[in-house]
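The structure under discussion appears below in the form of structure tokens.
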Amino acid sequence: MTDALVQAALDPAIRSIEYLPTVPTVPSTCDVDVIVIERDDGRYHLDIVEARPSRSIAQRLMVAQALVDLGFRALVRTESDVLREPRCTNARTVFEHANRAVDVGLRLQILGALTDEGAMTLGDLLKRLRSDRDPTTAVLALACADLVELDLISAALGPRTMTRLRE
């Protein structure tokens, strides 16, 4: 489940991620215990097949109806989908840099280069940056902060990885 959340956090199509423990139903509340994902095309609940909680048929139906009533569609993933490479390793590598501080000057250089030049490879972006520290860490931290988008699906993270501003 952790890998699915990391990948969702770095997915440019996903606008928000929240945990929903319960939903109000008549006459009480229903324990749903789901991750809610909002994308441009709608609201979903993350459904990892192998991580589904053990529930009776009646409980599954009640949870499913409660989620439908709230307008959530299922975003079904299997463990093999989540662990597919190179996305899984790339996402893990990038997310190691979450919550790392980025020097304001370096942040401005990165965002300015991507604003002025548009999408470019990570190698080209790094060549444009001036810093006494490794700028790679800053780019990865900005990807975790939803400011930069990296192509984590096409190939292993490297100089040819496409980089752009996150919209």
Carbon plus sulfur, as percent of the 1.4 Å-probe accessible area of the range 87-167, comes to 49 percent
For the range 1-148, report the accessible area per residue in Å² (1.4 Å probe, heavy atoms, rounded to an integer).
59 Å²
Please list the non-local residues whose amide H lies under 5 Å from the amide H of Ile48, H modeled 1.01 Å from N, same-chain partners needing a gap of 5 or more.
Arg77
Residue by residue through the range 142-149, what is 3J(HN,Hα) from phi via Karplus (6.51 cos²θ - 1.76 cosθ + 1.60, θ = phi - 60°)? Round to whole Hz and write x for glycine and proline.
5, 5, 5, 8, 6, 9, 10, 10
Expected field for Phe95, accessible surface area in Å² at 1.4 Å probe radius, rounded to 10, holds 80 Å²
Which whole-angstrom value gives the distance between the alpha carbon centres of the range 132-167 and the range 53-101?
23 Å
Got a sec to turn the phi values of the range 60-76 into Karplus ³J(HN,Hα) couplings, 6.51 cos²θ - 1.76 cosθ + 1.60 with θ = phi - 60°, whole Hz, x for Gly and Pro?
4, 5, 5, 5, 4, 5, 4, 5, 5, 4, 7, x, 8, 9, 7, 10, 7
Work through the residues other than Pro159 whose Cβ is under 12 Å from its Cβ and net out their charges, Lys, Arg +1 and Asp, Glu -1.
+1
So what are the range 66-114's ellipsoid semi-axes, whole angstrom, largest first, if each one is the square root of 5 times an eigenvalue of the alpha-carbon gyration tensor?
33, 19, 10
Radius of gyration and Dmax for the range 27-167's Cα atoms, expressed in Å?
19.6, 62
So who's got an amide H within less than 5 Å of the one on Val148, skipping anything under 5 residues away but keeping other chains? H placed 1.01 Å off N, in plane.
Ala143, Arg166
What are the ³J(HN,Hα) values, in whole Hz, obtained from phi via the Karplus relation 6.51 cos²θ - 1.76 cosθ + 1.60 with θ = phi - 60°, for each residue of the range 88-98 in sequence order, with x given for Gly and Pro?
4, 5, 4, 5, 4, 4, 5, 5, 4, 9, 4
For Thr29 and Arg164, calculate 0.36 nm times their separation in residues minus their Cα-Cα distance, and state this gained length in nm to one decimal.
44.3 nm
Would you mind telling me which residue in Arg55, Arg100, Arg84 has the biggest mean-square fluctuation in a Gaussian network model of the chain, where springs connect alpha carbons within a distance under 10 angstrom?
Arg55
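The values are calculated or read from the model by the stated rules, or taken from the named source; none is laboratory data. Note that the structure is predicted; figures quoted are calculated from it, not measured. Don't worry about glycine lacking a Cβ; one is built from the backbone with ideal geometry, like all the others, and counts go over all protein chains shown. Just so you know, the surface numbers come from the protein's heavy atoms only, side chains and all, with ligands and any DNA or RNA stripped out. Shrake-Rupley method; radii C 1.70, N 1.55, O 1.52, S 1.80 Å.
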